[in-house]
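The structure appears below as structure tokens.
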Amino acid sequence: MNGQNKSNTPKSEDDLHEECGVFGVWGVPDAASLTYYGLHSLQHRGQEGCGIVVVNEEGTLKRIKGEGLVSEVFDEAKVASLQGSTAIGHVRYSTTGGGGIENVQPFLFKHHTGDFALAHNGNLVNSAQLRQQLEDRGSLFHSTSDSEILAHLIKKDASDRDKPRIFTIIEALNMIEGAFAFLILAKDRIYACRDKYGLRPLSIAKLGDGYVLSSETCAFDTIGAEFIRDIEPGEVVTIDHHGIRSRKYTEQTRHAMCAMEYIYFSRPDSDIEGRNVHSFRKETGRLLAQEAPADADIVVGVPDSSLSAAMGYAEQSGLPYEMGLIKNKYIGRTFIFPSQAMREKGVRMKLSAVKTIVKDKRVVLIDDSIVRGTTSRRIVKMLKEAGASEVHVRIASPQIKAPCFYGVDISTYDELLCAHKSLDQVKEYLAADSIGFLSEEALFEAGQRNDYCLACFSGRYPTALFQSIEDANKDGKF
Ligand code: SF4
């Protein structure tokens, strides 16, 4: 598996994990405080490490980073020590390169042509090849993260010293392949870059006389910034004392946003490329009720990411929406299950069925997606033990059948429940009374768009992969 959970987080092995979130502020006093709040709003995108780099009045880049949640790494004094009106920040969930403080971003590079910092959300598919080429030419990497590669590409040629920096950035962006939203911070500007497929989101907003950049728009609302627009696929935006300038580093672009951003990762209050995430999920629930109706008494969603879809399913089917499952919000990431028996009970610590609601009821259970199926199976069992007479599982996305190469830890074929099983076998494994998935067509309708990355459902990858899927699977890399 690409992403390793290094903490004692009591999250199930069935949870999906996003790689990261990025946030930046240009030209607003107290940029580090704003970045701190912005990273808080992006915490769901990565809980294993975070950091902030600020440019102070002397034009020096200063960084604080650490392993853990934003509230664990930073306190008031640390944030106050980062003085300046320009900053970038990052929250990390480790995928390529694994965990460890050296892989926590933003990365900070000292260079005689000017120091710079870099924060990345996504995953590069040609990182192994580029890394080897760079090492052969003398590059020494500080981390095992693929995100560091861009910095080495930007500074690879001494002869580039007199070129405007934007040209070396554009050359470097044309060499990397895969999913990325990059923020690059120099003492006098921020560059914001998005991959040509548009796989990962990145937006820009106005705050006072300055600008804010974020992986998700929910962070703008937290600090009172006003959304301007999304960074376009294949675009580099430069923000400095001249304002905002835009350049396309390639014309070969798509709008193949990761469908999982809508289905699972992003916060419901975020808008991705003009579509609100809650509204999208509610619409998938409505369409799911049309495509896979169920003879039942109540609709129950798996908290939290499936609640919007459950609302839509209930509305469309005319069945009551009930709070049949409750999530314990107060299990911290450092909660330790001391024994195997307790680990088994872990899912009950996180989630419990409400007996008086589900007893003797035929339940439609709505979940956003199924990866390995272990959690769904436990939830079905839990609902039946709580007295549900039937459990009809309905999934607000298609069947996940293929690994992700773009920064989401969707694992090997062998671990994916739906990769080799028929619908009947999936139903049997979950011990459900019936099963239904949403179609790809419904995802397009719900998103009001005609392009996505749907590779984990369809196996059709938007980029070249640089490694055969079989090899990646054999390596246990995915
Ligand atoms: S393969 Fe799936 S998880 Fe990965 S980027 Fe595409 S849609 Fe998202």
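The values are calculated or read from the model by the stated rules, or taken from the named source; none is laboratory data. Remember, it's a predicted structure, so these values are computed and weren't measured experimentally. Heads up, the Cβs are rebuilt from the backbone with ideal geometry, glycines too, and the neighbour counts pull from every protein chain shown.
Contact map, the stretch 318-331: residues that are more than 13 Å from V300 (Cα to Cα) paired with residues that are at pLDDT below 95, Cβ distance under 8 Å, separation 6+ or inter-chain. Pairs shown: N328/M349; N328/K350; N328/L351; N328/S352; I331/P10; I331/M349; I331/K350. Is there a residue in the stretch 377-387 that is assigned to a loop (DSSP other than H, G, I, E, B) and within 30 Å of G122 (Cβ to Cβ)? No, the conditions are met nowhere in the stretch 377-387.
Note on the stretch 376-412: residues that are within 16 Å of the ligand (Cβ to nearest atom) and under 22 Å from S439 (Cβ atoms) total 12. Scanning the stretch 173-194 for residues being within 16 Å of the ligand (Cβ to nearest atom) and either part of a strand (DSSP E or B) or not assigned by TED's automatic domain parsing to the domain that holds T86 (or both) gives a total of 5.
Out of curiosity, is A446 in contact with a Ser or Thr (Cβ under 9 Å, 6 or more places away or on another chain), within 15 Å of the ligand (Cβ to nearest atom) and at pLDDT 95 or above? Write out each step before concluding.
Values: in contact with a Ser or Thr (Cβ under 9 Å, 6 or more places away or on another chain): yes; within 15 Å of the ligand (Cβ to nearest atom): yes; at pLDDT 95 or above: yes.
So A446 passes the test.
Residues that are modelled with pLDDT of 95 or more, outside any helix (DSSP H, G or I) and aromatic (F, W, Y) occur at least once in the stretch 59-78.
Criterion applied to G84, G99 was being among the small types (G, A, S), modelled with pLDDT of 95 or more and not in a helix (DSSP H, G or I), and the one residue passing it is G84. In the stretch 282-290 there is at least one residue matching the filter, namely being out of contact with any His (no Cβ under 7 Å at 6 or more places or on another chain), within 15 Å of the ligand (Cβ to nearest atom) and over 30 Å from E171 (Cβ atoms).
Would you check if there is a residue in the stretch 249-270 being in a strand (DSSP E or B), out of contact with any Lys or Arg (no Cβ under 9 Å at 6 or more places or on another chain), outside the structural domain of E445 (by TED's automatic domain parsing) and within 23 Å of A179 (Cα to Cα)?
From the stretch 249-270, those in a strand (DSSP E or B) are 258; that's our starting set.
Restricting the remaining residues to those that are out of contact with any Lys or Arg (no Cβ under 9 Å at 6 or more places or on another chain) gives none.
Within the stretch 249-270 (the criterion being in a strand (DSSP E or B), out of contact with any Lys or Arg (no Cβ under 9 Å at 6 or more places or on another chain), outside the structural domain of E445 (by TED's automatic domain parsing) and within 23 Å of A179 (Cα to Cα)), the answer is no, since none of the residues qualifies.
Residue-by-condition table, conditions (1) buried (at least 21 other Cβ atoms within 10 Å of the Cβ); (2) touching a residue at least 40 places away in the same chain (Cβ under 8 Å):
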position: A172; (1), (2): yes, no
position: A179; (1), (2): yes, yes
position: D188; (1), (2): no, yes
position: L202; (1), (2): yes, yes
position: G224; (1), (2): no, no
position: R229; (1), (2): no, no
position: V236; (1), (2): yes, yes
position: D240; (1), (2): no, yes
position: R245; (1), (2): no, no
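Residue-level check: of (1) modelled with pLDDT of 95 or more; (2) closer than 24 Å to N56 by Cβ, S215 misses just (2).
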